[in-house]
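In what follows, a structure is listed as structure tokens, so that the remarks can point back to it.
The values are calculated or read from the model by the stated rules, or taken from the named source; none is laboratory data. Predicted, not measured: the structure shown is a model, and the values here were computed from it. In this analysis, Cβ positions are derived from the backbone assuming ideal geometry, glycine residues included, and neighbour counts consider all displayed protein chains. For the accessible areas, the whole protein counts, side chains as well, though only heavy atoms, and no ligand, DNA or RNA atoms are used. Shrake-Rupley method; radii C 1.70, N 1.55, O 1.52, S 1.80 Å.
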Amino acid sequence: MKYDILAIVGPTASGKTGRAVDLAHAFDGEIISGDSRQVYVGMDLGTGKDLDEYGDVPYHLIDILPAGEKYNLYGYLRDYEKAVAEIEMRKKLPILCGGTGMYVESALTGMRLPEVPENKELRESLKGKTLEELAQILASMKTLHNVTDIDTEKRAIRAIEIQTYYKEHPDEAPSQGSNDSPGRRSFLVVGVDIDRENRRRRISERLCKRLDSGMVDEVRGLIESGVDPENLIYYGLEYKYLTLYVTGKMTYSQMVEELEIAIHQFAKRQMTWFRGMERRGIPITWLPYDLSQEEFVERVKALIAD
């Protein structure tokens with residue numbers, strides 16, 4: 001095999017999972033999720049796990065934590081490296097599939113991160129500040145590539161905490177792996193290319209389907225099982241808006257309307273990140289979303305053979 005890793009990226013609702021499964025069958029691979037929320041047990045419809053699509057293909061970094069816990073890039077890179085090592089030990093091909101661009105890019109480049117401890121004094125000093133104020137503080141510390149950092153007050157405070165730690169410990173600040181870094185493997189990145197109109201259509205159709213399949217009940221069940229609603233809001237998108245509805249802070253129609261807008265905006269941000277990856281030196285070969293299964297696999301085989 002010419003590459004150590006195959007990666008499938010693309011915006012939400014582009015059909016990444018199905019493509020990754022097709023490639024896993026073609027190349028005797030196992031799939032590693034590159035999604036920041038699919039790690040949580042019980043958060044299925046809202047994160048689009050689509051587990052029925054995997055069939056007999058082994059998958060990793062899905063359902064590894066109870067809902068309500070916090071997960072971050074540090075934990076992801078640790079778990080990603082472990083998953084890759086296990087797959088390689090079985091002489092299978094790791095196939096990284098996901099839409100969380102920061103996770104995917106960091107994994108592919110061999111980034112190494114320190115574990116940033118909680119700074120209680122800093123958190124206390126930031127307590128009571130508005131989200132806008134926190135965003136301004138964070139923007140003064142770094143370029144805001146990832147707006148999920150300022151989705152909620154909790155996220156923004158954690159992001160400030162991390163940047164403060166890096167400022168105080170510059171020798172531990174994150175660094176991309178160089179081409180000869182032990183953490184960097186050779187990779188081929190394939191993007192699922194879908195035009196804006198069809199992307200919006202598929203997002204809207206999928207949202208309706210998931211609501212009909214019981215996404216509201218999923219969130220209600222998580223809260224009834226003891227998950228703090230604030231933690232669900234912290235996860236953003238579906239869990240933010242559905243929790244606001246379930247807790248009586250939004251009407252159903254308001255929830256659906258605002259959630260649909262938020263998902264469209266999220267997909268646009270995903271594409272912005274992937275274009276940024278290309279500018280930062282990670283080539284992505286974009287293949288049309290509506291290729292047949294056979295043609296998609298053959299196109300990837302041709303890329304590998306080049």
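I need the full set of residues from the range 27-61 which are surrounded by 19 or more Cβ atoms within 10 Å (Cβ to Cβ) and of a type in the set (A, V, I, L, M, F, W, C), in order please.
Ile31, Ile32, Val39, Met43, Leu45, Leu61
Write out, first by first residue and then by second, each pair whose Cβ atoms fall under 9 Å of each other, whose residues are 6+ apart or on separate chains, and whose first residue, in the range 10-30, is under 17 Å from Asp195 (Cα atoms) while the second is in a strand (DSSP E or B) and of a type in the set (D, E, K, R).
Listed by first residue and then by second, the contacts come to Gly10/Asp193; Ser14/Asp193.
Can you tell me which residues in the range 237-252 are over 24 Å from Asp35 (Cα atoms) and either of a type in the set (Ser, Thr, Tyr) or assigned to a helix (DSSP H, G or I) (or both)?
Tyr245, Val246, Thr247, Thr251, Tyr252
Only one of these conditions is not met by Met1: (1) part of a helix (DSSP H, G or I); (2) closer than 28 Å to Pro288 by Cα; (3) at pLDDT below 95. Which number is it?
(1)
When the residues of the range 274-290 are filtered to those that are part of a loop (DSSP other than H, G, I, E, B), open to solvent by less than 90 Å² (accessible area, probe 1.4 Å) and touching an Asp or Glu at 6+ places or on another chain (Cβ under 9 Å), which remaining residue is farthest from Arg202 (Cα to Cα)?
Among those residues, the one meeting the criterion is Ile282.
Could you tell me how many of the residues in the range 108-123 are of a type outside the set (Ser, Thr, Tyr), part of a loop (DSSP other than H, G, I, E, B) and farther than 17 Å from Ile137 by Cβ?
Number of matching residues: 7.
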